[in-house]
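Below is one structure; the comments refer to it alone.
Read the figures in this text as sums done on the coordinates, not as results from a lab. What you see is a predicted model, and the numbers here were worked out from it, not measured in a lab. Here Cβ is always computed from backbone atoms with ideal geometry, including for glycine, and neighbour counts include all displayed protein chains.
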Amino acid sequence: MGTLTAVWNRVFAVLGRMSMYRLVYLALAALAVVALLLSFFGLVGPGPLELVVTLLVLAAVCVGVDAAAQRVMHLPWRLESSLITAHILLFVLRPTLDLVGLAGIALAAAVASLSKYVLAWRGRHIFNPAAVGATVVTLLSLVWPGLGSSAWWVGTPALAAPVIVLGLAVLVRTEKLRVVAVFLVIAVGVAVFRTAAQYQAAGLEVEVLDMLWPILWSSPFLFLGAFMLSEPLTLPPRRWQQLTVAAVVGVLAGWPLPIGDITLGQERALLVGNLIAFAFAVRTAVRLTLVSRAEPTPTVEELTFRVHDRLAFLPGQYLELEVPHRHPDARGTRREFSIASAPEDLPLLKVAFKDGKSTKPLSSYKKALAQVAPGDDLAITGVWGDFLLPKRDAAPILMVAAGIGVTPFVSQLRHVRAAGLDRDIVLVYVASDASELAFRDEIEASGAHVVVFTRDRPAHLPEHWQWARGVRLDADGLLRVVPDIGSRHAYISGPAGLIAELAPALERARSITTDAFSGY
């Protein structure tokens with residue numbers, strides 16, 4: 001388990017250097033290039049000119065409609081979001097050179113883009129935009145067949161390998177690999193069962209493996225899972241909720257619903273899943289006003305916001321904060337922050353981060369965030385995460401925090417104190433030096449036993465704090481300071497690269513839960 005955690009976090013550290021939206025767009029663009037190359041050899045359905053013309057129409061309409069809507073609603077322009085929608089529709093719809101068919105393509109793109117603003121709840125779209133656009137055009141094709149319909153031509157053996165490779169990069173970055181794996185297993189299983197039942201009804205015999213591989217490689221399941229089901233904005237916040245949605249979508253995708261001569265299998269499945277996700281947690285953009293800035297350490301900045309809308313979160317979860325600015329770099333305009341305050345602190349909410357003053361060059365996001373002054377308004381797009389302590393109060397806990405990775409633990413310790421809970425908690429806090437120990441007062445007030453790893457000795461340590469005297473944090477050192485680690489549930493939070501180095505030391509714990517971040 002420790003080895004797998006280490007490998008996972010090393011990969012996440014590399015992919016985390018790019019925003020999720022930029023990575024998804026580049027993956028889809030690369031897939032489009034691969035499809036174009038294959039089309040010259042007749043290995044995919046559409047021809048080269050059909051692909052190019054269709055993509056140009058989709059991109060032009062998606063960008064134009066999004067730009068107009070965002071201007072009317074005074075929202076920041078998100079070019080990558082428009083291009084992502086266009087590229088997904090390229091693989092879902094049937095590319096064509098027919099003028100009526102291209103009108104249908106343009107209609108699907110317009111409907112998809114408008115759905116982000118019309119089929120929305122308090123600033124958050126409810127349905128996957130591409131699925132909405134494809135569904136509307138497919139339904140209209142029952143009356144006007146020339147408009148075309150969804151074709152899901154991406155489900156072909158020639159594209160299976162590129163979809164898997166590029167999709168894996170997206171799923172690692174969005175941390176939805178397990179969710180999509182559940183979807184794939186169920187969708188393929190249901191499809192195999194359905195096909196076997198059809199063969200049996202026809203009096204034919206077939207081997208299960210003879211059905212399994214064609215269904216896996218020639219179906220759109222891989223693309224649907226990697227690039228559409230994994231969209232964070234249309235998934236609920238908790239992992240068990242996400243797995244439930246994945247299971248429902250898998251069943252519905254594996255058993256398409258025919259309507260006349262067409263089927264709404266994949267679109268219908270995803271839209272139903274989106275509705276279930278919305279029912280699990282009504283997602284909304286939450287308005288914040290910056291109240292104050294503070295510097296708990298020489299390199300850490302703390303922001304305190306006042307929340308104006310309804311917000312609920314659990315200690316240990318994270319939020320996504322949007323800071324609109326001109327000419328964003330590859331990391332984009334949104335970042336994830338662990339919440340440093342407890343639910344009991346609402347309507348005040350706190351986050352903390354490395355200010356990056358000693359790091360050059362700064363990301364465009366960090367530069368923009370530095371310009372936000374008290375009284376300025378921002379918004380968070382949602383709260384997610386399963387970095388949660390065991391519900392059983394008697395479960396012994398080991399927290400390992402690397403640098404600013406202490407923030408989710410601060411939220412949890414503040415909650416434990418505010419709720420009057422009695423929990424057996426040991427916090428191992430790793431920092432470059434004593435001056436970088438943030439939130440000392442909050443941690444001390446919690447009463448948790450704290451072991452500090454720093455190069456120099458911190459001054460005025462409380463009675464229940466212990467300095468590790470420069471002991472290197474490896475498996476042996478951790479066992480010396482936490483001899484009962486085998487009875488504890490271990491939680492580790494910090495940069496993905498550092499988590500990868502420390503994870504093997506926690507293999508003796510009862511369980512390992514990680515919370516990685518990649519900087520911004």
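Spin-label model, ASP98/ARG306: points 7 Å from Cα along the beta carbon direction are separated by 6.0 nm. Measuring between their Cα centroids, segment 172-189 and segment 202-216 lie 23 Å from each other. Legend: helices of the chain (whole DSSP H runs) are marked when their alpha-carbon atoms reach 30 angstrom or more along the helix axis and their mean Kyte-Doolittle hydropathy is at least 0.0; marked are 48-72, 177-201. Note on segment 80-183: Rg/Rh from C-alpha atoms, Kirkwood Rh, equals 1.01.
Taking label points 7 Å from Cα along the Cα-to-Cβ direction, LEU56 and ASP393 give a separation of 6.8 nm. Here the extension length gained between GLN371 and TRP213 equals 51.5 nm, from 0.36 nm per residue of separation less the Cα-Cα distance. Within the chain, DSSP assigns beta bridges of which about 55% are antiparallel (rounded to the nearest 5).
What FRET efficiency do you get for SER435 and LEU79 if R0 is 45 Å and r is their Cβ-Cβ distance, rounded to the nearest 0.05? Show your work: numbers first, answer last.
Working: r = 42 Å, r/R0 = 0.92.
The formula returns an efficiency of 0.60 here.
The Cα atoms of segment 397-517 give a gyration tensor whose axes a ≥ b ≥ c have a/c under 1.5, which makes the shape rounded. Residue-wise HN-Hα couplings along segment 504-511, as the Karplus relation 6.51 cos²θ - 1.76 cosθ + 1.60 with θ = phi - 60° gives them from phi, are x, 6, 9, 5, 7, 6, 5, 7 Hz; Gly and Pro carry x. Pairs of lysines in the chain whose Cα atoms sit within less than 23 Å of one another amount to 7, provided the residues are eight or more positions apart or on different chains.
Once both labels are positioned 7 Å from their Cα atoms along Cα-to-Cβ, the gap between LEU479 and TRP240 label points is 3.5 nm. Were the residues from ALA67 through TRP144 laid out at 0.36 nm apart, the gain over their Cα-Cα distance would be 24.8 nm.
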